[in-house]
Protein chains: 2
Amino acid sequence: MGLTKTENFTGRQNQLAAFAKALGHPARIAIVEYLLAHNSCICGDLVDELPLSQSTVSQHLKELKQVGILRGDIEGVSVCYCIDEQGWTQAREMLTGLLATPIGNAECRPSTSCC
Amino acid sequence: MGLTKTENFTGRQNQLAAFAKALGHPARIAIVEYLLAHNSCICGDLVDELPLSQSTVSQHLKELKQVGILRGDIEGVSVCYCIDEQGWTQAREMLTGLLATPIGNAECRPSTSCC
DNA sequence: AATTTTAATCGTAATATTGCGATCAAAAGA
DNA sequence: TCTTTTGATCGCAATATTACGATTAAAATT
């Protein structure tokens, strides 16, 4: 298999998972942190910053771009990357919403009280 | 390869990525949401709830347990799962911290203003 | 026009993930 | 003790991810 059964989950659950998955690699965390700190940068700056090859960095950038967290604007020879404020805001709101959920007290079966 | 070069990133970056990765699958989002809503449940309840086999659900539970988001306490024949408040709090604080980072204005190269 | 710079893409290899059925181990109940 | 219930684990197959070097394409420079 290796194939996630996305059709059996809600769109919201799939979207949440997609955002979380995009952040689920230290290199992509580092890229996002760098762009949050520096506003905008070209790919080469990130290649200098990260312990990864140019092609690998480019691939991570592609994933973050595809999920909507980054934008990449062509600037002559180079490509200027930055946080996509729209996508980033959506990711923040969705993930923050999940993380801020209070732990409910509803029991799934009446007399089960363990944790 | 297929092997993440964790040693070249900070412990914080790796921990953040591990939490995000654990949430990077719709089934695990669904499990966390279910446990947030129901406080505590046995594995069989989740198997009834999710469109996945028992072994697959068990595997997802294992991943969430390993990263510290869930706890599983043996209760006779069954296992009672619940949110691990400590781990969940840490995940919330770390991820919320990243998501709440204001977008900085520092330019990585003086005359580059694109996005 | 030829060269250089920049970054995307291709091809490949190693490893991880997802999912399932089957089996196993432990506790509870008959 | 034998059976049932519960859920972890094993083994397998399909697919995805991670990483790199090599190549390619496009714009800028010479």
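Place a +1 charge on the Cβ of each Lys and Arg in the protein assembly as shown and a -1 charge on the Cβ of each Asp and Glu, then give the dipole magnitude about the Cα centre in debye, rounded to the nearest 20. Walk me through the numbers before you get to the answer.
Details: 18 positive and 24 negative charges, 56 e Å.
Its charge dipole is roughly 260 debye.
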Going residue by residue through region A:50-55, the Karplus relation 6.51 cos²θ - 1.76 cosθ + 1.60 with θ = phi - 60° gives ³J(HN,Hα) values, rounded to whole Hz and with x marking Gly or Pro, of 9, x, 9, 6, 4, 5
Based on other C-beta atoms within 10 Å, arrange B:94, B:1 from fewest to most.
-> B:1, B:94
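Which value in deg cm²/dmol, rounded to the nearest 500, describes the helix-derived mean residue ellipticity at 222 nm for chain A, given -39,500 (n - 2.57) per DSSP H run of n ≥ 4 and division by the residue count?
Numbers: 5 runs with 60 residues, N = 115.
It lands at -16000 deg cm²/dmol.
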For chain B, alpha-carbon Rg and Dmax in angstrom | 18.3, 67
Theoretical FRET efficiency, 1/(1+(r/R0)^6), r = Cβ-Cβ of residue A:85 and residue B:65, R0 41 Å, to 0.05 | 0.70
Say a label goes 7 Å from Cα toward Cβ at residue B:49 in every copy; what distances in nm does this one have to the rest, shortest first?
-> 3.8
Listing B:103, B:42 from the residue with the fewest other Cβ atoms within 10 Å to the one with the most, what is the order?
-> B:103, B:42
Among A:46, A:64, A:97 - extreme Cα towards positive end, dipole of region A:9-99, charges at beta-carbon = A:97
Footprinting proxy, A:77, A:67, B:47, A:32: sorted fewest to most Cβ within 10 Å, the residues are A:77, B:47, A:67, A:32
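Let me know the charge dipole size of region B:10-99 about its Cα centre in debye, to the nearest 20, where only the beta-carbon of Lys, Arg (+1) and Asp, Glu (-1) is charged. Present the calculation step by step, with values, prior to reporting the outcome.
Numbers: 7 positive and 10 negative charges, 89 e Å.
Using only the charged Cβ atoms, the result is roughly 420 debye.
Any read-out appearing in this document is the output of simple, stated calculations on the displayed coordinates, not a laboratory observation. Keep in mind that this is a model prediction, so the values were computed, not measured. FYI the Cβ positions are ideal-geometry reconstructions off the backbone, even for glycines, and counts take in every protein chain you see.
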